[in-house]
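The structure appears below as C-alpha cells.
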Amino acid sequence: MDSSETLRRTPLYALHLELGGKMVPFAGYEMPVQYPAGILKEHLHTREKAGLFDVSHMGQAFLAGGDPSAALERLTPADVAGLKEGMQRYGLLLTHQGTIKDDFMFSRLAGEAPLYLVVNAGCKEGDFEYIAAQLKGLATLTPRPDRALLSLQGPLAAQALARHTRPDISSLTFMQVVRCEVAGARAIVSRTGYTGEDGFEISLEGADAERVARALLGEPEVMPIGLGARDSLRLEAGLCLYGHDMDETVDPVEANLVWSIGKRRKAEGGFAGANIVLDKLLNGVAKKRVGILPEGRAPAREGSGIAVDGKIVGRVTSGGFGPSLNGPLAMGYVESPFAALGTKLELMVRGKALAAVVAPMPFVPHGYKRN
C-alpha cells in the first residue's frame, strides 16, 4: 500500500479502539489484528464459545435485472439459477482465461428478485467494475458501501444471537439466509462464516452496527476477535485466502475448488473461461493446492519452497501455527504428481529442509449446522 494512501475506517472503528484493538492496515482499511486477550486466546475462544468479528470492509452489493441469475452465470461456474429462495452459495468470479478473479458469496432472499452478493475487501472495487461492465444491459449491480457486516462465530453463536433476533434464527441451517431484526436493527442474517465453526454473518446499515455489536458483546459467550485469529481459524478450516491461496494466476481445478462448479455448469459450460476450465477438469493440471502438515513444531510461512528429494516442486501459500491443532500447518501448490495424500515433502525454512506430508483438509473438523 502506498504510504500516502488514506486508510478507510469501518463504522466500528471507535469501538475497536475502546476495546483495545491493535489497528493495522488491511485491504485499504484500519482493522484490528488483535485485542488485549491476544490471538491465541481469541482463536480458542471462538472454537469453544463465540467470537465477534468486524468484516465491514467486505464488499456488499445487489444484482438486479430481468434475470440476474442467468446474467451472473456468465461470470461464475456456480449454479446460480438452481439456488433456492432463502439460501446462500459459494462462487468463483472467473476471468475469460478461466482464472480466479475473486471468490464470493451470493444469496437469494425469499420473495426478492435481486441477488445479494458479498465479495472480498481487497478486490471489491475491481470486482464491482468487472461485474457491471461484463453484465451491462443484462443486469444492474448496486454496491452498498453504506452497509456494515458483522460475523458471530463459534459453537455458542446461535444461543447468543437468538437473544437478540426477531423472529428466532435458531432453526436456520448452514447456508440459509433470512431478513430479520437483530437488537432492533433490520438485518440480513446468513448461517455461514470463515472459521469452519457454526456461525452467522449479519449485514445491516452502518449506522446500526455499533449498537448491534455492543449488544452481542454484552453476552457472556462473546468476545471481540481480530484479523489474526480469523486467519488462523480459516487456515485450520482449510479455507482459501484470496491473494494468497488463489488469484488470477490459478484456475478452479488447480485451486482444488472443483466442488464449487455446479453439475449442470460442467455439462453446459457458458461461463467465463469455460472451455479452458472444463478442458483442465477433463485432462488434468500441472499443479494443485494441497494441505500440508509439517512433522516437527516449526511452521513454514508463505513463500517457503516445497521440495521432494531436494527438488523444488511447489511453494507454501499460507502457513503458521494452529492453536486448536496444537501444531504447525500449511497449504500450498505442488506439482500434480506429488499432490496425493500421504506424499512426503520437504519444506524449505531458513535454509533447512523440514519433513512434512500432504494431509487432508480441513485440518480441524468443521462445526457447521447442517440438516
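What follows draws every value from the coordinates through simple rules; no lab data is involved. Since this is a predicted model, take the numbers as computed values, not measurements. Heads up, the Cβs are rebuilt from the backbone with ideal geometry, glycines too, and the neighbour counts pull from every protein chain shown.
Between ASP247, ASP79, ASP309, find the one with the highest GNM mean-square fluctuation for the chain; connect C-alpha pairs within less than 10 Å. Result for the chain, Cα springs under 10 Å: ASP309 fluctuates most.
Charge tally for VAL177 (other residues, Cβ to Cβ under 11 Å; Lys, Arg +1; Asp, Glu -1): +2. With the highest mean first, a sort of the peptides 38-51, 166-179, 109-122 on other beta-carbon atoms found within 10 angstrom per residue produces 38-51, 109-122, 166-179.
Each peptide in 158-164, 141-147, 72-78 was scored by the mean count of other Cβ atoms within 10 Å over its residues; highest first, the order is 72-78, 158-164, 141-147. The ranking of LEU15, LEU347 from fewest to most other beta carbons within 10 Å of each one's beta carbon is LEU15, LEU347. Both radii are taken from the alpha-carbon atoms of segment 178-268; with Rh as the Kirkwood radius, Rg/Rh is 1.07. Computed with the Debye formula from one identical point scatterer per Cα of segment 56-133, without solvent, the log10 of I(q)/I(0) at q = 0.11, 0.14, 0.20, 0.22 Å⁻¹ comes to -0.24, -0.40, -0.84, -1.02. Note on PHE106, PHE128: ascending count of other Cβ atoms within 10 Å places them as PHE128, PHE106, the fewest first. Remark on the chain: hydrodynamic radius 21.3 angstrom, per the Kirkwood mean of 1/r across alpha carbon pairs. Straight-line cross-link partners of LYS280 among the lysines, defined as a Cα under 21 Å from its Cα and at least 8 positions apart when in the same chain: LYS101, LYS263, LYS266, LYS288. The alpha carbons of segment 251-343 occupy a box of 47, 31, 22 Å along the principal axes, longest dimension given first.
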